[in-house]
Amino acid sequence: MGRKRSKAIPARQIAYDLTPIPEAANYKHLGIIQSISGKYPNDIDAVKQTIRGTFLSLSQKVSGRSGANPYTAIKLYKTAVIPKTLFGCELWNSISIADILQLEVADHFCLKRAQGLPHLTRSDMVLGLAGMTSIEALIDLQKLAFLGSLCHAPTGEPCRTLFILRLCQFDLCENRKIGFIPDIVKILQNTTLKTT
């Protein structure tokens, strides 16, 4: 009993007026790097570096000789760093547990630094003291907000039509487990908002 070998998918040949157009593995759309593999974000290290780099550069600008007030640093983190980092996160999918953990580590690093806490301070205490939730919860909130905007879109809108089409495809054939719909279903099941 051997393992089944998957067949190689031939590369698509796209042409315009008999001129072949090469297919790129990644492309940029609205400032977000998209990938044909379906994994978003394409580079989790870039997102992690955005968290740290943006916070450190802003905190250096704000803090004087005596350093920034922790309340000011946390407010800056919530209003500038998190929105920049999580821009377009409602479209991220197939994020592994290891990727989420890397984002959480970068988040905790910045929050500890903002509050002037030692490096070995427990992460749950850091989040509680800052009045924040985890990065994973923030991403889930953005996805749920996007779901709400899709559900409340007018009936004739193309985005709503596409959403309903994808929802029906997911409901009929659940073999494709990546994308926005499977992530939303998982979030709803985890938060007990969807009955099975």
(request) For segment 93-196, run through the GluC sites (Glu not before Pro) and keep only the ones in DSSP coil with at most 16 other Cβ atoms within 10 Å of their Cβ. (result) GLU174
(message) Using Cβ counts within 10 Å as a stand-in for footprinting exposure, how do VAL185, VAL126 rank, fewest first?
(response) VAL185, VAL126
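Expressed in nm to one decimal, what extension gain is obtained for the pair LEU162 and LEU120 from 0.36 nm per residue of sequence separation less their Cα-Cα distance?
10.4 nm
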(request) Between THR191 and HIS152, take the C-beta separation as r, use R0 = 22 Å, and let me know the FRET efficiency to the nearest 0.05. (result) 0.70
(message) Per 0.36 nm of contour for each residue apart, how much would the distance between GLU104 and ASP43 grow if the chain were fully extended, relative to their Cα-Cα spacing?
(response) 20.4 nm
(request) Provide the gained length on full extension for the span THR79 to ILE14, in nm with one decimal, where the gain is 0.36 nm per separating residue minus the Cα-Cα distance. (result) 19.1 nm
(message) Using the basic label-point model (7 angstrom from Cα toward the beta carbon), what is the ALA24 to SER134 distance in nanometres?
(response) 3.5 nm
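No lab work stands behind these numbers, since they all come straight from the coordinates. Since this is a predicted model, take the numbers as computed values, not measurements. All Cβ positions, even for glycine, are placed from backbone atoms using ideal geometry, and neighbour counts span all protein chains on display.
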